[in-house]
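**Q** Pasting a structure below so you can have a look.
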Amino acid sequence: MIEDPSTQMSEDDDRSPPLDPGCPESMTESSTKTRNCSGISGSGSGSTSVEIQAPYPDQVLENVLENVLCFLTSRRDRSAASLVCKSWYRAEALTRSELYIGNCYAVSPRRATARFTKIRSVAIKGKPRFADFNLMPRDWGAYFSPWVAFMAKAYPWLEKVYLKRMTITDQDLAYLAKSFPGFKELVLVCCEGFGTCGLGVVASSCRQLRVLDLIECELNDDEEDFIDCFPESHTCLESLIFDCVDCMVNFEALEALVVRSPQLKKLRLNQSLSIGQLYRIMIRAPQLTHLGTGSFGTSDGMMQGEQEPDYVSAFAACKSLVCLSGFREIMPEFLPAIYPVCANLTSLNFSYANINAEQLKPVISRCIKLQTLWVLDTICDEGLQAVAAACKELRELRVFPFDANEDIEGPVSEVGLQAISEGCRKLQSILYFCQRMTNAAVVAMSKNCPDLLVFRLCIMGRLRPDHVTGQPMDEGFGAIVMNCKKLTRLAVSGLLTDRAFSYIGEYGKLVRTLSVAFAGDSDNGLKYVLEGCPKLQKLEIRDSPFGDAALRSGLHHYYNMRFLWMSSCRLTRQGCREIAQEMPRLVVEVMRDELMTAVSDDEPGDNVQILYMYRSLEGPRDDTPEFVDIL
């Protein structure tokens, strides 16, 4: 039996209380009761004595609840508390200061602001992750405009906004900057639509701004230098990240801003800044703990014969530095400059640094405290062996491809993976791109690193088997879900049969996010997952042989999931329409994309190119573009 999602879903978590949306009357009543726990009445004419009435039991409970709930910080704990009864539901809403929206279309801004009235921090996510790989048509939606309009009215004391994969305009940023006088933190991740003009308004208007982080965003160059817009007085800046900004910045303005920001701890520069300019920044900000180096290339403006600055001493002076990134357009001869800080580093991002194993070794051998490492596969298996030998505290490793061409023989393989599993036994998260892999290496990782929470193995090239035995990769991924009991995120690739999905369904009881590409034999593979993974929240599938029957096997679970994405599978509009009819609180979007492979000739117009299905308290959205149909 499918339960009504209005008793299951939450605006900000996996499950939620019975919604009493937009019920300000009940909230006001509850608040009034809580703050008037006793009454005073005269005992008679002319009497000066008073009688203190005992508070009602429910008033006492709400008082206690509000005081206790203030100490709950976990979203899941708060959502669980709000499910107990209406009294707990009201108290939880009244004491919440942070709002998390995992899907901007799962709940409306009106409903969210009506329920939660004392919010100081908002986090909103928009498009699904596959948008990062150009698998979602542009202009799909996820607009910030309606959210900032409601927030401006409901939360005048708002201090923090975090947005991921949202479409933002310069007008939105200006509205945000003007509406919240105490605004302090803006973090934009993988967002688009805005430019340097909007950032300039934020920089000039938000006088208490502590954090301005732009991470992997696509910005428009409005020919306005937002760095130059910060106030000329001392600032409150603690974090400034703009390494994704492609346009030039005024270095003199940046240098002066750093001098005026004595509390600055995190700074990530874009690639327009040379290592010489980095040197000038560092000697003015030795207090930095996180540094993005910019290009790490030739110093601009150096006269012929002029001596290079002492980069080694600049890094040595930054004794608090624990995180290094950047290294775009790197010149390897400058790498020895970072040796003095390596011993204290806990995070090192070389994902833009085209260096080889020999250039990596002197650096990585000094990084004995490293917990997070991102690298390109140009370091080869030999470089990964050096990582395994030196970094015994490593918790997260990401290996990205320098050339994502599927037809080449990549420089990393099962050799590097096995070395990491043997040397880095505390590993909890790995993302590994390669062109060849073996079951034996994946099985070894499952046994050597049983604390893995995240395992994402991306074997580039379609349907690639174990390159030694020629067998499917079923047993390797099966070992991961069997032996890594804490696993919550899994990405599978290579030649996989339904057997691999049967392992995932049988043993992946804690898996919350599953990504699948070019895998499976039949509908049974998806059925095993949907029927066997009770915690599954996000399911991403592309180019796999799953059709309508497989889709129907998840009817019992879709209301408990955040979303399901399927592209280039074997779905039909009729099959998707039946799901929509049986689950009216589920939004079923089908999309067309002219850039994608055209629908098959035998059933023109019936095959579904992209399906995006998500739970929602609001029903279909009202801003769908022409290429989206909601069934």
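**Q** On average, how much area does the Cα convex hull of segment 449-599 cover when viewed from any direction, in nm²?
**A** If I average the Cα hull's projected area over directions, I get 9.0 nm².
**Q** Next question, about the same structure. Can you tally the net charge around Leu431? Count Lys and Arg as +1, Asp and Glu as -1, for every other residue whose Cβ sits under 9 Å from the Cβ of Leu431.
**A** My count for the surroundings of Leu431 gives +1.
**Q** Among the lysines, which fall within straight-line cross-link reach of Lys118, defined as a Cα-Cα distance under 26 Å, with same-chain neighbours fewer than 8 residues apart omitted?
**A** Qualifying lysines at Cα under 26 Å: Lys33, Lys86, Lys153, Lys160, Lys164, Lys178, Lys184.
**Q** With Cβ to Cβ distances under 12 Å as the rule, what net charge do the other residues near Phe180 carry (K, R +1; D, E -1)?
**A** Charge balance near Phe180 sits at +4.
**Q** Further question on the same structure: First select every other residue whose beta carbon is under 12 angstrom from the beta carbon of Val322; then total the charges, Lys and Arg +1, Asp and Glu -1.
**A** +4
**Q** Please compute one quarter of the surface area of the Cα convex hull for segment 375-524 and express it in square nanometres.
**A** Value for segment 375-524: 7.8 nm².
**Q** Now for a different question. Kirkwood Rh and Cα-based Rg: tell me the resulting Rg over Rh for segment 490-575, rounded to two decimals.
**A** 0.91
**Q** Determine the distance separating the Cα centre of segment 323-337 from the Cα centre of segment 430-497; give it in Å without decimals.
**A** One Cα centre to the other: 32 Å.
**Q** When Rg is the radius of gyration of the Cα atoms in segment 246-286 and Rh is its Kirkwood radius, what does Rg/Rh come to?
**A** 0.92
**Q** Sticking with this structure for a sec: In whole percent, how big is the carbon plus sulfur part of the accessible area of the chain, probe 1.4 Å, protein atoms only?
**A** Carbon and sulfur together cover 51 percent of it.
**Q** Rounded to the nearest 20 Debye, what is the dipole magnitude of segment 338-473 about its Cα centre when Lys and Arg each give +1 and Asp and Glu each give -1 at the C-beta?
**A** 540
**Q** So if I average 1/r over every pair of distinct C-alpha atoms in segment 132-212 and take the inverse, what Kirkwood radius in Å does that give?
**A** Computed over segment 132-212, the radius equals 13.0 Å.
**Q** Let me ask something else. Can you tell which of Met331, Ser568, Ser351 lies farthest toward the positive end of the dipole of the chain, using +1 and -1 charges on the Cβ of basic and acidic side chains (Lys, Arg; Asp, Glu)?
**A** Result: Ser351.
**Q** Per residue and in Å³, how big is the convex hull formed by the alpha-carbon atoms of the chain?
**A** Measuring per residue, one finds 191 Å³ for the Cα hull of the chain.
**Q** Find the relative contact order for the chain and round it to a whole percent, using C-alpha pairs within less than 8 Å whose residues are 6+ positions apart.
**A** In percent, rounded to a whole number, it is 7.
**Q** If you don't mind, there's one more thing I want to ask. In this model, which of Lys265/Lys361; Lys369/Lys447; Lys127/Lys509; Lys426/Lys447 are farther than 19 Å apart at the alpha-carbon?
**A** Lys265/Lys361; Lys369/Lys447; Lys127/Lys509
**Q** Report Glu185's accessible area, 1.4 Å probe, all protein chains in place, as a number in Å² to the nearest 10.
**A** 40
**Q** What dipole magnitude, in Debye to the nearest 20, does the chain give about its Cα centre under +1 on Lys/Arg Cβ and -1 on Asp/Glu Cβ?
**A** Dipole of the chain, to the nearest 20 debye: 2580 debye.
The values are calculated or read from the model by the stated rules, or taken from the named source; none is laboratory data. The shown structure was predicted, so the numbers you read here are calculated from the model rather than taken from an experiment. Cβ sites come from the backbone with ideal geometry, for glycine too, and all protein chains shown count toward neighbours. Heavy atoms of the whole protein, side chains included, go into the accessibility calculation; ligands, DNA and RNA do not. Shrake-Rupley method; radii C 1.70, N 1.55, O 1.52, S 1.80 Å.
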